[in-house]
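Colleague: Take this structure, written in structure tokens, and hold onto it; I'll ask about it next.
The values are calculated or read from the model by the stated rules, or taken from the named source; none is laboratory data. In this text the structure is predicted, and so the values were computed from the model without any measurement. In this analysis, Cβ positions are derived from the backbone assuming ideal geometry, glycine residues included, and neighbour counts consider all displayed protein chains.
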Amino acid sequence: MHNNKQMTFSAPFSGALLKRAQIPDPVFAEGAMGDGLAIDPLDDVLHAPFAGVVINVARTRHAVNLRADNGSEWLLHVGIDTVGLNGDGFEALVTDGQRIEQGQPLLRFDLDKVACKSRSLISPLILLNGDQFALSPVRGPGAANVGEPLLVVTSLAQNTQNTSDSGVQASQARGRIRVAHSGGLHARPAAMVRQTARQFASQVELHFAGVSASTDSVTGLMGLGVAEQDEVEVVCLGHDSDIALQALLKALSTPSADDTSHAPLAAIPPRAHPNTEQGVMHGVIASPGLISGPLFRLDTIELDEDTGDHRPEEQHQILSHALVEVRADISASVDSGHHEQSAIFATHLAMLEDPALLDAAYDAIDQGRSATHAWSQAVLAQCTMLEKLDNPLLAERANDLRDLRQRVLLNLLGDARDVEIPPGAIIVAHELTPSDLLMLERCGIGGICMANGGATSHVAILARGKGLPCLVAMGPELFNVAQNHETVLDADNGRLELKPDDARLREIQTLRTQRFERRQLQQQQAHPPALTRDSVVIDVAANVVSRADAENAQLNGADGVGLLRTEFLFVDRSTAPTEEEQLSAYQSVLDAMPEKSVIIRTIDIGGDKQLDYLPLPAEANPVLGLRGIRLGQARPELLDHQLRALLRVRPLARCRILLPMITEVSELLAVRARIDELAQETGLTERPELGVMIEVPSAALLADQLAEHADFLSIGTNDLSQYTLAMDRDHAGLAARVDALHPALLRLIAMTCSAADAKSRWVGVCGALASDPLATAALIGLGVRELSVSPPHVAEIKAQVRDLDTRQCQALAQHLLTLTSAQAVREACRTFQTQVLPRAVIA
Ligand code: PEP
Ligand code: MG
């Protein structure tokens, strides 16, 4: 029985203390293994962070699992990807089942060797049974000394489980769980499951629909055909089976944050049409855009007949050598690419290490095949298996395998595909691979058409990220098209025009030039004020988080700062900013915006925004907890500090103070009274304007009361959407539905504007909706008079304003209030743009 419910976790090495999110490995950083932190060590000995027992030392001695006396179970993992060192450079100083005291040496390692041979020395320290314990940091990131207290670990259970300290014999543990990864166990989740299982000594298998697969094999796991919400059984065998099971259940039931496989679908609905229109082929939109260019067909590598006369040992060596080189190549892409790209290539790396694939290839060599044919045959067999599964997402992942086939074959054949691709070409391919796409992008292609593929494929994700127009699923007829023929790829509308005449080609050129020139023109007109056609001034201000942002906003023509999010001014520090530091930060933003007004919002911490120097208690539902102005009430000294600094900026007349997350008038009155007190203390006669954010439905509903006491109202459509629609603003799966153009929000905005108007107060919008040109007319029609947008959008929104007439906008707004969905509102706004606005604005 563990009666010690709270314990202190001390630094197991000296070194730089990092947050979990800073670990350079998504499996740890995203918390799939559990919560915790990391240290970039300076010493070569890992010490026990608490008293307890060694559950097990990894076979490769690069990690230990410990159980503390309060029952919390921990993985201390030296470096990243150090399992690959196979124990080289590591010495275990304890054994499985051994009792340990805090500070006792556990592992010794060769710091230089491990640093040179592994991806990183940063060592994750992860709580594995986090559902039973809460972690409270004792201090923020920075240099830590071995033995220094880092965390307080508190048991959440009334009665902690009776866990035997000596329970380290080999045992079997089983559990069932629903898979939460969108699209099921496709490549990335499968690779993550494999990586999780590799942290333990236990053998792990997944059972589904009467079939089982070892977690060692990514393709084996994908081959189970597990879809999202399918229930699988996890079976772990070994002396650490219990904690392995817990980690696996968590990995399977925690969707990864970067699972982008479905999200883009919501943003860009795929459309497929039969190829009926003369001279036009249709496809599913993977990435929008409009371009003309010569068509260029790209073929995949075909092998000649295998002569069959090979020495297996020699072919083994040839294949192994090629695999090592390709792995090194892919690892470089993982390290150097941006986030999405890295995730894709990390999956390729896991596939390349798949024992099922390697066994099949080496078996084929043993049967007399050449390395090239053996590799090709092994990969294609796995592709066939994936394509047979009734899961389009998994079938698409066969393309990743084909990419690996190609890469390894190129290495084996020693022949980089030497093709002359004309610049601006529209590439036609059966199905491109991610590395093909990166290679093609370097050649300066204009767009892509694929016979196969889907809008969720990795290539589609990459094409969107790079702004390359791309259509997929166009069918085999695509290959009947002649090479080098001038075509038009209208990926905005899912069309490939095969025989554009000269007039059409000229039109495309004109449209593209117009788009470019329109942007240039808007930029030239960015600085003068924006007046509607009936001469109503609409302020187009900017949202900023720093002085640099403010300078950029000034260059872009912003009429002022509509929102300075002060919480972001001090994110990179471990101590609270002094009053002087705050004053200098605020003053610098005012100075960057000569003559213009600057709205400074008091600190909006809590919810999804956290500061290192201000650790907040863990909350069950932080978005509904202590955030915004509520924190100012709970910690009045913080708010006082900020208000004192704000009252010192000059000229005070240009500084407006904005309060976040206001729900009722008493919160505003309390701050106004406090500002009066602080101003009197310093003999100040002037008062800055004081406004409130309308970002909680109650504030919109009580806007008449708030308008009575506030100088202005600023609508935060991001939070207002979240709280009105009851949809987390950061929820990837709901991203397409958290739409601030929902009629429910429009009604709250209308209510706010008319309440403010009755009290002669002005209303601005500083949420992301203000930057959406489709929403400009609606917002003006509802009565909004200031739009605070991201700096690069200033010119476009000003141009939009200048083409509007407020009476027409009001008629539009009245109509929108009667609609039933955000989709219907967007459609009506589009119709308004095409029917009412001059062409130049909307083309
Ligand atoms: C909002 O909620 O719309 C807003 C502007 O505030 P933030 O995005 O900082 O929460
Ligand atoms: Mg907000």
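Colleague: Quick one: would you say ALA653 is in the same structural domain as ILE715 (by TED's automatic domain parsing), surrounded by fewer than 17 Cβ atoms within 10 Å (Cβ to Cβ) and more than 22 Å from VAL545 (Cα to Cα)?
Modeller: Spelling it out, it is not the case that ALA653 is in the same structural domain as ILE715 (by TED's automatic domain parsing), surrounded by fewer than 17 Cβ atoms within 10 Å (Cβ to Cβ) and more than 22 Å from VAL545 (Cα to Cα).
Colleague: Can you work out which of the residues in region 673-700 that are away from ligand 2 (no atom under 16 Å from the Cβ) and buried (at least 17 other Cβ atoms within 10 Å of the Cβ) is farthest from ALA755 (Cα to Cα)?
Modeller: ALA679
Colleague: Among the listed residues ASP81, ASP96, ASP69, identify the single one that is within 21 Å of GLY36 (Cβ to Cβ), among the charged types (D, E, K, R) and either over 33 Å from the mean Cα position of the chain (by Cα) or not assigned by TED's automatic domain parsing to the domain that holds PRO24 (or both).
Modeller: ASP69
Colleague: Okay, moving on. Tell me which of these ASP591 doesn't satisfy, since it passes every other one: (1) assigned to a helix (DSSP H, G or I); (2) away from ligand 1 (no atom under 16 Å from the Cβ); (3) buried (at least 16 other Cβ atoms within 10 Å of the Cβ).
Modeller: (3)
Colleague: Okay, next question. Look at GLN722 and say whether it is touching a residue at least 40 places away in the same chain (Cβ under 8 Å), of a type in the set (S, T, N, Q) and away from ligand 2 (no atom under 15 Å from the Cβ).
Modeller: Against the criterion (touching a residue at least 40 places away in the same chain (Cβ under 8 Å), of a type in the set (S, T, N, Q) and away from ligand 2 (no atom under 15 Å from the Cβ)), GLN722 does not qualify.
Colleague: Could you tell me which of the residues LEU106, LEU85, LEU128 is modelled with pLDDT of 85 or more and crowded, with 20+ Cβ neighbours inside 10 Å?
Modeller: After applying the criteria, what remains is LEU106.
Colleague: Being part of a helix (DSSP H, G or I) and farther than 18 Å from ILE445 by Cα: is that true of LEU511 here?
Modeller: Taking the combined requirement at face value, the residue satisfies it.
Colleague: Taking the conditions exactly as written (touching a helix residue (DSSP H, G or I) at 6+ places or on another chain (Cβ under 7 Å), under 22 Å from ALA553 (Cβ atoms) and without any contact (Cβ under 8 Å) to a residue 60 or more places away in the chain), does THR717 satisfy them or not?
Modeller: Here the answer is yes, as THR717 does meet what is asked.
Colleague: I've got another one for you. Quick check: anything in region 145-152 touching a strand residue (DSSP E or B) at 6+ places or on another chain (Cβ under 9 Å), of a type outside the set (D, E, K, R) and modelled with pLDDT under 80?
Modeller: No - not one qualifying residue is present in region 145-152.
Colleague: A further question follows. Inside region 192-240, can you point out the residues that are in contact (Cβ under 8 Å) with a residue 24 or more places away in the chain and among the β-branched types (Val, Ile, Thr)?
Modeller: If the condition is that a residue be in contact (Cβ under 8 Å) with a residue 24 or more places away in the chain and among the β-branched types (Val, Ile, Thr), then VAL193, THR196, VAL204, THR215, VAL218, THR219, VAL226, VAL232, VAL234, VAL235 are the ones that fit.
Colleague: Could you count how many residues in region 473-491 are under 36 Å from the mean Cα position of the chain (by Cα) and not in a helix (DSSP H, G or I)?
Modeller: Residues flagged as under 36 Å from the mean Cα position of the chain (by Cα) and not in a helix (DSSP H, G or I) within region 473-491 amount to 8.
Colleague: Can you tell me which residues in region 749-766 are part of a helix (DSSP H, G or I) and either under 21 Å from SER597 (Cβ atoms) or more than 13 Å from ligand 1 (Cβ to nearest atom) (or both)?
Modeller: ALA750, MET751, THR752, CYS753, SER754, ALA755, ALA756, ASP757, ALA758
Colleague: Here is a further query. Please work out which residue is surrounded by the most Cβ atoms within 10 Å (Cβ to Cβ), limiting yourself to region 767-802 and to residues that are in a loop (DSSP other than H, G, I, E, B) and modelled with pLDDT under 95.
Modeller: Ranking the candidates gives GLY767 first.
Colleague: Looking at this structure, is ALA744 assigned to a helix (DSSP H, G or I), under 24 Å from ILE780 (Cα atoms) and away from ligand 1 (no atom under 16 Å from the Cβ)?
Modeller: So ALA744 does not fit the description; no.
Colleague: For TYR613, state whether it is outside any strand (DSSP E or B) and over 27 Å from ILE797 (Cβ atoms).
Modeller: It is true that TYR613 is outside any strand (DSSP E or B) and over 27 Å from ILE797 (Cβ atoms).
Colleague: Can you say whether SER714 is within 13 Å of ligand 2 (Cβ to nearest atom) and closer than 19 Å to ARG656 by Cα, as far as the supplied structure shows?
Modeller: Here the answer is yes, as SER714 does meet what is asked.
Colleague: What are the pairs, 6+ residues apart or on separate chains, where a residue within region 626-642 that is at pLDDT 90 or above has its Cβ under 6 Å from a residue that is not basic (Lys, Arg) and not in a loop (DSSP other than H, G, I, E, B)?
Modeller: Within 6 Å, the pairs are ILE629/LEU659; ILE629/GLU667; LEU639/GLY632; HIS641/GLU579.
Colleague: Working only within region 442-480, note down all residues that are surrounded by fewer than 24 Cβ atoms within 10 Å (Cβ to Cβ), modelled with pLDDT of 75 or more and touching a helix residue (DSSP H, G or I) at 6+ places or on another chain (Cβ under 6 Å).
Modeller: The one that is surrounded by fewer than 24 Cβ atoms within 10 Å (Cβ to Cβ), modelled with pLDDT of 75 or more and touching a helix residue (DSSP H, G or I) at 6+ places or on another chain (Cβ under 6 Å): ALA451.
Colleague: Looking only at region 767-797, which residues are among the hydroxyl-bearing types (Ser, Thr, Tyr) and within 16 Å of ligand 2 (Cβ to nearest atom)?
Modeller: Across region 767-797, the qualifying residues are SER771, SER788, SER790.
Colleague: Regarding GLY628, is this residue within 25 Å of the chain's Cα centre (by Cα), surrounded by 16 or more Cβ atoms within 10 Å (Cβ to Cβ) and among the small types (Gly, Ala, Ser)?
Modeller: Yes; evaluated as a whole, the condition is true for this residue.
Colleague: Name the pairs: first residue in region 536-558 and at pLDDT below 90, second residue among the hydrophobic types (A, V, I, L, M, F, W, C) and surrounded by fewer than 18 Cβ atoms within 10 Å (Cβ to Cβ), Cβ to Cβ under 6 Å, at least 6 apart or on different chains?
Modeller: VAL545/PHE568
Colleague: Right, something else. Among the residues of region 738-771, count how many are among the charged types (D, E, K, R) and touching a strand residue (DSSP E or B) at 6+ places or on another chain (Cβ under 9 Å).
Modeller: Qualifying residue count, region 738-771: 2.
Colleague: Exactly one condition in (1) under 20 Å from GLU580 (Cβ atoms); (2) away from ligand 2 (no atom under 16 Å from the Cβ); (3) crowded, with 17+ Cβ neighbours inside 10 Å; (4) hydrophobic (A, V, I, L, M, F, W, C) is false for LEU638; which is it?
Modeller: (3)
Colleague: So in region 559-588, with the set limited to residues that are modelled with pLDDT of 95 or more and of a type in the set (Gly, Ala, Ser), which one is surrounded by the most Cβ atoms within 10 Å (Cβ to Cβ)?
Modeller: So the residue we want is GLY562.
Colleague: Which numbered condition in (1) modelled with pLDDT under 95; (2) away from ligand 2 (no atom under 13 Å from the Cβ) is the only one that HIS742 fails?
Modeller: The single condition HIS742 does not satisfy is (1).
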